[in-house]
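Just so you know, all these numbers are worked out from the coordinates, no wet-lab data involved. Given the structure is predicted, the values throughout are model-derived calculations rather than measurements. Here the Cβ positions follow ideal geometry from the backbone for every residue, glycine too, while neighbour counts run over all protein chains shown.
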Amino acid sequence: MTLDSIMCGDCREVLKTLPDGCVDCCVTSPPYNIGLDYGTADDRKSDDDYLAFTRDYLEQCYRVLKDDGRVCLNIGYKVSTVKEAGIDYVELLNLIKSIGYTLRETIIWVKSKRPDDPQSFCGSNTAWGSWMSASNPICRSRMEFIFVLNKNSFKKHHRGISTMTRQEFMDCASTVWYFPAERSRLHKAPFPVDLPYRCIQFYTYQGDVVLDPFIGSGTTAVACVRTGRRYIGIEQNPDYIRMAEGRIQQEKQQLKNRQVC
Ligand SMILES: C[S@@+](CC[C@H](N)C(=O)[O-])C[C@H]1O[C@@H](n2cnc3c(N)ncnc32)[C@H](O)[C@@H]1O
């Protein structure tokens, strides 16, 4: 098993090559099944196919997790007015339970432009359906979920080194997180570094192994470099892997520069 690298392929197959119980934490955001063009992957499956796809990768993640391992699964809020888009949360949570996970937390990430101002909405300000009419009003989607799952043990089996500051602990120890969405044009749907950074600081020790089976532009790996964790990434699109490797090198260089200063 190669640590600190990104493997190219369908994560459902690549995950099978990893040994049992080798991962401390999985931090990921899968394709949401909303028809985005990721180049190689299909993001417009039938509900049944998408659920089967979700089962396949979540079962493999369960197998490769350590007994005291955790999963932070970031999934977009289902837009109920768009038919066949996203995932039915009731079905997702039943699936999670049937694999053997327990739900540890449900964190709501509010996409606010400024962390200190929750009302500074970051996103479309106009998609509200029928304006000022009960005909068919739609709630603008301002949030996403981060489902935090446990394999078996809620508590980590050993005591390692935590690297978060007091303020970071305080910010994470809440079921509502506020930070802006990522606006990069290089990847179709990146999450901001804040998301894996918080999950990693809050749920892992220094040196722990973090898996992202849908690593895209490498954001989880960047957060691992920043926090001194090891990463395993998987991505189907080789262009995204090249982009991720560039970002990781840049992050390592910045880290070196900070150490010299
Ligand atoms: C929501 S994006 C994740 C973006 C990532 N968090 C980032 O910050 O760049 C989902 C990613 O999963 C990749 N993908 C889709 N299906 C895949 C599969 N079966 N195996 C591996 N990667 C896949 C897509 O190419 C896309 O980059």
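Some points to look at:
- Applying a threshold of 8 Å to beta carbon distances and a minimum spacing of six or more residues, or different chains, the list of pairs starting in the range 188-217 at a residue that is over 17 Å from LYS66 (Cβ atoms) and hydrophobic (A, V, I, L, M, F, W, C) and ending at one that is assigned to a helix (DSSP H, G or I) and near the ligand (Cβ under 8 Å from one of its atoms) reads PHE191/THR219; VAL193/THR219; LEU195/THR219; PHE214/CYS11; ILE215/TYR240; ILE215/ALA244.
- Qualifying residue in the range 57-65 (condition: within 14 Å of the ligand (Cβ to nearest atom), free of Cβ contacts under 8 Å to residues at least 12 places away in the same chain and of a type outside the set (Gly, Ala, Ser)): no
Per-residue answers, yes or no, for (1) over 20 Å from the mean Cα position of the chain (by Cα); (2) not polar (S, T, N, Q):
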position	(1), (2)
ILE161	yes, yes
ASP171	no, yes
THR175	no, no
GLU182	no, yes
PHE191	no, yes
ASP194	no, yes
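- Selected residue [closer than 30 Å to GLN206 by Cβ, surrounded by 14 or more Cβ atoms within 10 Å (Cβ to Cβ) and aliphatic (A, V, I, L, M)] from LEU15, LEU51, LEU3: LEU15
- Among residues of the range 2-56 being in a strand (DSSP E or B) and over 21 Å from ILE96 (Cβ atoms), the one that is farthest from the ligand (Cβ to nearest atom) is SER5.
- Elements of type helices (runs of 4 or more DSSP H) in the range 143-250, at least 2 residues being away from the ligand (no atom under 12 Å from the Cβ) and surrounded by fewer than 17 Cβ atoms within 10 Å (Cβ to Cβ): 166-172
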